[in-house]
Amino acid sequence: MAPKRKKGSGKGMTDEERIAYEEQKRLADEELRKKKEDVLAQFLKDKLAKEEKATRYNLNKLNHQWRNIMREAKAKELKKDIEILSQTFERVIDRKDAVIKSLSKDIAEAEEQYAMALRSHLQNVDYLLDLQKSRLEALTREYSVELEIICEEFDLERAMLIEQHNLEMNDIADILFAMDQNFQERENEAKSEFQSMRDEIKNKNLEEKHALRVQLETKVDDLWQQFRQALQNYNDTNEERKTTFETLKIKDEKSAKEIELQMRKLQRISDQIAQLKSKMAANAKECEERNKALKEEREKMQRHFHELKAQMNQVRDSERDKLTKLTLESNAAIKELKRQKEKGELIMRLAEMCRKVETEEEKVLPFYASSLTKEEQEDVEAAVLEPPSQPLAEVMHEYQSLDNFWKRYNKVLLDKLALDKEKQTMSQENHQLRTLLKQYLDGISVNDEILSQVNPLFVVNNKTNVKLNVPVMDPRVRRPVPQTVVEAAHVIKHTLR
C-alpha cells in the first residue's frame, strides 16, 4: 500500500504533487507576468497616442502662428505696392480715357453675346429637364401598369390553385399521391413562368435606363464642347485686344509730348468725359443687376434639378425595396412549400409502414362505432353545419376532412394505453411469481447461508414463512434482458423507400 499523505504544508507532499504544485505556481507567475506586460503595453500605447495628439496640436498651432506672421509681412508689402500702383494708375488714367471709349463699346457687345449664349444654354437645359421628367413619368406609369398586371395574374393563379386544391381534397384517399404530384408540377410551372416574367421586366427596365443615360451623357458632352468653344473664342478675341493694347501703349508713349501741347483741348473735353463716366457707371449698375438676376435664376434651376434628382433616387430606392421584399417572400414561399412536400412524403411513408402492420380487424373495420346517441349525433351535425362565428371555428371547419384520421389515431392510442396497462399488470404478476420461485429454490437448497435463515417451506399451525415482497436478485429466476433483432431487409424495405 502507498503511504498516506499528510495534510498541511508542502513538506508532506509527494514528488508528483510537488511537481504539479510547482508547475501550477509557474503557470500562475507566467500569467501574472503576461498581464503586467499587457498592462504596460496598453499604457505605452495610450501614452504614445497622447504624445502624437499633442504633437499634431502643437504643429498646427505653430503653422497657424507662422501663417499669421507671413500674412502681416505680406500685407505690408502689398500695401506699399498698392500705394505705388495707385500713384502710377492716377498718372496713367488720363492717357487711357480715349482707349476706354472703344473698349467699353466692345465690352457691351461681348456682354450682349454672352447674355444671348447664356439664354440659349438655359433654354437647352430646361428642354432637357422637361424631356427627362416626361420620360421618367412615362417609365413610372409603365412600371405601375406592368406591376398591376403581374399582381392580378399572380392573384388569379393563386385563386385557381387554391380552388383546385380544395377540389382535390374532396377526392378519395387512394389517389392522393397522384394528385400531389400533379399539383407540384403545376406549381413549378407557375413559379418558372413568374421568375422568367420578373427577369424579363427587370432586364427591360435596365436596358431602357442605360439607353436614357447614354443619350443624356452625349447631349451633355455636346453642350460642354459648345461652351468650351465659346470660351476659346472669347479668349482669342481678348488676345487680339491685348496686342492692340500694347501697340497703343507704344503710340501713347510717343504721343506724350503731343498730350502736353493739347492740355487746353483736354480741359474742354473733361466735361464730356464726366458725362461718359456717369453713363458708364449707370451701365455697369444695370449689368450688375442683370447678372445678379441671372445668377438667382440659375441657382433656382439648380435647386429644382437637385430636388428632382432626390425624388428620382427616392422612387428608385422604394422600387428596389419592393423588389427585394417580393424576392424574399417568394423564396420563403418556396421553402415553405418544400417543407410541406417533405412532410407529406413522410406522412405517406409512415402510412405505408403502418398499413403493413394492421390487423385483419383494422383492415375490415378501420373506424370505431360512435358512442353517441342518435339525438346527440344530430346535435353535433347541426353544430357542424352552422356558419362559424369565430376565427378558430373557421380553422376547424377547414380540417373537418381529418375526422376519420383522428378516429383511427384515437383508436390506436386507446389500444396502446390498454396494452400498457395489461403489460404493467403482467409485470407485477411475473415479479411476484419469480419471488415465490426464488423462495422455493432457497427452501430446497442445502448450504450454510440457507440453513442460517428461516426455511420458507416449513408450515407450522397452517402458517408459512414465505415472504411475498422480496426483491428478486438471484440469477436462477431473474428474467433475461430481451434483445430485439430486426432483419436488415425489413429495414431497407420499410424505411428507406
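Observations on the structure shown:
- Test for Glu90: is it within 23 Å of Lys249 (Cα to Cα), part of a helix (DSSP H, G or I) and open to solvent by 100 Å² or more (accessible area, probe 1.4 Å): yes
- Candidate set: segment 192-221, residues that are in contact with a Leu (Cβ under 9 Å, 6 or more places away or on another chain) and closer than 30 Å to Leu337 by Cβ; chosen: the one most open to solvent (accessible area, probe 1.4 Å): Lys202
- Selection within segment 127-157 - surrounded by 12 or more Cβ atoms within 10 Å (Cβ to Cβ) and of a type outside the set (A, V, I, L, M, F, W, C): Gln132, Lys133, Arg135, Thr140, Glu142, Tyr143, Glu146, Glu153, Glu157
- Of everything in segment 222-252 that is of a type in the set (Asp, Glu) and without any contact (Cβ under 8 Å) to a residue 12 or more places away in the chain, the residue that is farthest from Leu118 (Cα to Cα) is Glu246.
- Scanning segment 112-126 for residues that are of a type in the set (Ser, Thr, Tyr) and either in contact with an Asp or Glu (Cβ under 6 Å, 6 or more places away or on another chain) or open to solvent by 80 Å² or more (accessible area, probe 1.4 Å) (or both) yields one hit, Tyr114.
- Residue check for Leu294: at pLDDT 85 or above and open to solvent by less than 100 Å² (accessible area, probe 1.4 Å): yes
- Enumeration of residues in segment 404-456 that are open to solvent by less than 100 Å² (accessible area, probe 1.4 Å), modelled with pLDDT under 75 and acidic (Asp, Glu): Asp442
- Residue satisfying condition, being at pLDDT below 85, over 30 Å from Lys292 (Cβ atoms), within 60 Å of the chain's Cα centre (by Cα) and part of a helix (DSSP H, G or I), within set Glu37, Glu17: Glu17
The values are calculated or read from the model by the stated rules, or taken from the named source; none is laboratory data. Predicted model only: the values in this text are computed from it and were never measured. Positions of Cβ are backbone-derived with ideal geometry, glycine not excepted, and every protein chain shown enters the neighbour counts. Surface areas here come from the heavy atoms of the whole protein model, side chains and all, with no ligands, DNA or RNA. Shrake-Rupley method; radii C 1.70, N 1.55, O 1.52, S 1.80 Å.
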